[in-house]
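Engineer: The following block contains the structure, expressed as structure tokens.
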Amino acid sequence: MRVDVLTVFPEMLEMVFGYGVVGRARERGLIALKAWDLRDFAEGSYRQVDDTPYGGGGGMVMKPEPITRAIEAVSAECSPRRIFLSPQGRPFDQKKAEELAAGGSPLLLICGRYEGVDERVREGFVDEEISVGDYVLTGGELPALIVIDAVSRLLPGVLGNEDSAANDSFTTGLLDCPHYTRPPEFRGMRVPEALMSGNHDEIRRWRRRAALDRTRERRGDLLDRAELSEEDRRLMGRSPES
Ligand code: 9D3
């Protein structure tokens, strides 16, 4: 899958592309990532990408010409889905990540800086607008990395274990259960007996109950929407030993 990013800070993205699951997917040719420098599409000796806002007020607005030229350059290469990262966008979630990964079509992620981007860019050159949550950041670069990270790990062959993505919390609609490794006792805290029992059905039930209880405690909103089985209802709220 091909993902291009438009930004005034291409190094910021290139840095992160090299690491972990995404870095390995890139090395293996499963994902092609490229960060374009918006300044390369700006004119004049100052290569200005921003300008003062009509109507006055503080801050700067991104000029339409450099962004639009950059969008057209990438579009000519691969006809991507053109996604603008913005606080006004639809909230990003696992379902959107799955949709972007499943389509397999190229993505162009457009990052704004300053107070925003000239509205006319949105009108003719953007297919959709995505936010990563209700908090204020300083630009679209970290959101673009969030989208790349969430989408990359869903691409075929990227995760070693093929069903690890399918078993994600949010995919199953519940939070994850707690995890433990050796030693069996750490600073007075013991690993739950069920996990060391070797009884796979007991382990499965312990994990399911832990996920259900934790989801109820922390994210009642998720539990309301989850489809629960008869067994789930029985497991929930019982003590771990029962
Ligand atoms: C503080 C300025 N804001 C009100 C006048 C407007 C504003 C402009 C630009 C607020 C944030 C930004 C930069 N943010 C993004 O580009 C962004 C973002 C975010 O801030 N939160 C969640 N998702 C996203 S996606 C892109």
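The values are calculated or read from the model by the stated rules, or taken from the named source; none is laboratory data. For clarity, every value in this text was computed on a predicted model and none was experimentally measured. Ideal geometry is used to build each Cβ from the backbone, glycine not excepted, and the neighbour counts take in all protein chains shown. Heads up: the accessible areas ignore ligands, DNA and RNA and are worked out on the full protein's heavy atoms, side chains in. Shrake-Rupley method; radii C 1.70, N 1.55, O 1.52, S 1.80 Å.
Engineer: Determine the shape class of segment 155-234: with a ≥ b ≥ c the square roots of the Cα gyration tensor eigenvalues, call it rounded for a/c under 1.5, and otherwise prolate if a/b is greater than b/c, oblate otherwise.
Structural biologist: Oblate, since a/c reaches 1.5 and b/c is not below a/b.
Engineer: In a GNM of the chain with a 10 Å cut-off on Cα contacts, which of G58, G139, G116 has the highest mean-square fluctuation?
Structural biologist: Evaluated over the chain, the most mobile residue of the options is G58.
Engineer: In cubic angstrom, how much convex hull volume per residue do the alpha carbon atoms of segment 93-171 span?
Structural biologist: In segment 93-171, the Cα hull volume divided by residue count equals 103 Å³.
Engineer: Follow-up question, since we're still on this one. Long-range amide H contacts for G112: which residues qualify at under 5 Å (H placed 1.01 Å from N, peptide plane, sequence gap of 5 or more or a different chain)?
Structural biologist: Distant-sequence amide H within range of G112: L85, G140.
Engineer: Further question on the same structure: I'd like to check one number: the per residue accessible area of segment 176-242, probe 1.4 Å, reported in Å² as a whole number.
Structural biologist: 76
Engineer: Would any residue of segment 82-112 have its amide N under 14 Å from a label point 7 Å out along Cα→Cβ of L30? List them or say none.
Structural biologist: 101-102
Engineer: Filter the trypsin sites (Lys or Arg not before Pro) in segment 21-67 down to the DSSP loop ones having no more than 16 other Cβ atoms within 10 Å, then list what survives.
Structural biologist: In loop regions of segment 21-67 (DSSP not H, G, I, E or B), the sparsely surrounded trypsin sites (Lys or Arg not before Pro) are R28, R47.
Engineer: Also: Pairing the Cα long axis of helix 200-218 with the longest principal axis of the chain, what angle in degrees results, from 0 to 90 and rounded to the nearest 10?
Structural biologist: 50
Engineer: Right, another one. So if each residue of separation counts as 0.36 nm, and I subtract the Cα-Cα distance between E128 and Y54, what length gain in nm does that give?
Structural biologist: Once the chain is fully extended between E128 and Y54, it gains 24.2 nm.
Engineer: Work through the residues other than I148 whose Cβ is under 14 Å from its Cβ and net out their charges, Lys, Arg +1 and Asp, Glu -1.
Structural biologist: Result for the neighbourhood of I148: +3.
Engineer: Let me have the 222 nm mean residue ellipticity of the chain computed from DSSP H runs of 4+ only, each contributing -39500 (n - 2.57), with the sum over all residues rounded to the nearest 500.
Structural biologist: The per-residue figure over the chain is -11000 deg cm²/dmol.
Engineer: Based on the Cβ-Cβ distance of S75 and T172, what FRET efficiency does E = 1/(1 + (r/R0)^6) give at R0 = 41 Å, to the nearest 0.05?
Structural biologist: 0.65
Engineer: Carbon and sulfur atoms: what percent of the 1.4 Å accessible area of segment 30-81 do they account for?
Structural biologist: Carbon-and-sulfur percentage of accessible area, whole number: 50.
Engineer: I would also like to ask the following. Mind running the shape call on the chain? Use the C-alpha gyration tensor, a ≥ b ≥ c as the square roots of the eigenvalues: rounded below 1.5 for a/c, prolate if a/b tops b/c, oblate otherwise. If you can, show how the numbers build up before the last one.
Structural biologist: Details: a/c = 2.67, a/b = 2.21, b/c = 1.21.
Prolate is the answer for the chain, as a/c is 1.5 or above and a/b outweighs b/c.
Engineer: Please state the shape class of segment 1-128: rounded when a/c is under 1.5, otherwise prolate if a/b exceeds b/c and oblate if not, all from the C-alpha gyration tensor.
Structural biologist: prolate
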